[in-house]
Amino acid sequence: MKIKVNFDEPKSFTPLPDGTYNISIEKVEQRISQTSGNPTLNITARVVDGKYKNRIIFYNLSLQETAKWKLQQFVRELGLDAEKGSHTFDTDEWVGKKLIFIVRQNTATERTDVIGIKAFEDKDVKNLIEGESDEKGAEESNSGDETLKDILG
């Protein structure tokens, strides 16, 4: 088999700058973690606007008992029922849903870590992002430690 490849401008996977990003979920897969051997949900999300539009963010949710609080938070931010009790979710229905990911660069692993998630309709965060866009321009709205401190408290 022959393949033709152009390496003139290879794409890099450099971490996104610290900040908030409007994302759309593109894919959700259940896998077994290579490091722990436990089941996880691997979420692929795409930035939908701003300077980093179309960049991909990977986010993993452990399905272990001790980490279900994180899955519960994620489901709540999607606007789904996450109250106590047993629930069944069709993760295919999550595809196309929008959220706000709050990310920080992990310089040790050279990855983008999702450190917070907010519903896209969350007016406080949405207004903060829109306010920054008005003041600084869309290209600068998705970075800055001050923004993270304001959002995370």
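Just checking, does the range 58-78 include any residue being modelled with pLDDT of 90 or more, in a loop (DSSP other than H, G, I, E, B), buried (at least 17 other Cβ atoms within 10 Å of the Cβ) and in contact with a Phe, Trp or Tyr (Cβ under 8 Å, 6 or more places away or on another chain)?
Yes, the range 58-78 contains a residue that is modelled with pLDDT of 90 or more, in a loop (DSSP other than H, G, I, E, B), buried (at least 17 other Cβ atoms within 10 Å of the Cβ) and in contact with a Phe, Trp or Tyr (Cβ under 8 Å, 6 or more places away or on another chain).
Select, from ILE3, ILE32, ILE23, the only residue that is at pLDDT 90 or above, surrounded by fewer than 14 Cβ atoms within 10 Å (Cβ to Cβ) and aliphatic (A, V, I, L, M).
Values: ILE3 fails: at pLDDT 90 or above; ILE23 fails: surrounded by fewer than 14 Cβ atoms within 10 Å (Cβ to Cβ).
Only one candidate passes the filter, namely ILE32.
Step by step: first the residues of the range 97-121, then only those that are buried (at least 16 other Cβ atoms within 10 Å of the Cβ) and assigned to a loop (DSSP other than H, G, I, E, B), then the one that is modelled with the lowest pLDDT. Which residue is that?
PHE120
Restricting to the range 16-57, name every residue that is among the small types (Gly, Ala, Ser) and in a strand (DSSP E or B).
Pass one, the range 16-57, residues among the small types (Gly, Ala, Ser): 19, 24, 33, 36-37, 45, 50.
Selection gives GLY19, SER24, ALA45.
Filter the range 14-43 down to residues that are free of Cβ contacts under 8 Å to residues at least 60 places away in the same chain and of a type outside the set (S, T, N, Q) and give me whichever is nearest to ILE102 (Cα to Cα). Walk me through how you get there before you give the answer.
Of the residues in the range 14-43, the ones free of Cβ contacts under 8 Å to residues at least 60 places away in the same chain are 29, 31-43.
Adding the requirement that they be of a type outside the set (S, T, N, Q) leaves 29, 31-32, 37, 39, 41, 43.
Values: GLU29: 21, ARG31: 24, ILE32: 25, GLY37: 27, PRO39: 24, LEU41: 19, ILE43: 15 Å.
The qualifying residue nearest to ILE102 (Cα to Cα) is ILE43.
Would you check which residues across the range 18-51 are farther than 22 Å from PHE89 by Cβ, within 13 Å of the chain's Cα centre (by Cα) and not acidic (Asp, Glu) and list them?
So in the range 18-51, the residues farther than 22 Å from PHE89 by Cβ come out as 18-22, 34-35, 37, 47-51.
Of the ones still in play, those that are also within 13 Å of the chain's Cα centre (by Cα) are 18-22, 47-48.
If the condition is that a residue be farther than 22 Å from PHE89 by Cβ, within 13 Å of the chain's Cα centre (by Cα) and not acidic (Asp, Glu), then GLY19, THR20, TYR21, ASN22, VAL47, VAL48 are the ones that fit.
Out of all the residues in the range 27-47, is one or more in contact with a strand residue (DSSP E or B) (Cβ under 7 Å, 6 or more places away or on another chain) and at positive phi? Please lay out each step first, then the result.
Narrowing the range 27-47 to residues in contact with a strand residue (DSSP E or B) (Cβ under 7 Å, 6 or more places away or on another chain): 27-33, 38-47.
Adding the requirement that they be at positive phi leaves none.
There is no residue in the range 27-47 that is in contact with a strand residue (DSSP E or B) (Cβ under 7 Å, 6 or more places away or on another chain) and at positive phi.
TRP94 is checked against (1) under 19 Å from ASP113 (Cα atoms); (2) at pLDDT 90 or above; (3) not basic (Lys, Arg) and fails just one. What number does that condition carry?
(1)
Do we find that LYS51 is surrounded by 13 or more Cβ atoms within 10 Å (Cβ to Cβ), touching a residue at least 40 places away in the same chain (Cβ under 8 Å), among the basic types (Lys, Arg) and closer than 13 Å to SER24 by Cα in this structure? Lay out the reasoning, then the answer.
Working: surrounded by 13 or more Cβ atoms within 10 Å (Cβ to Cβ): yes; touching a residue at least 40 places away in the same chain (Cβ under 8 Å): yes; among the basic types (Lys, Arg): yes; closer than 13 Å to SER24 by Cα: no.
The answer is no for LYS51.
The values are calculated or read from the model by the stated rules, or taken from the named source; none is laboratory data. All figures in this text were calculated on a predicted structure; none of them were measured in a lab. Note that we place each Cβ from the backbone using ideal geometry, even for glycine, and neighbour counts take in every protein chain shown.
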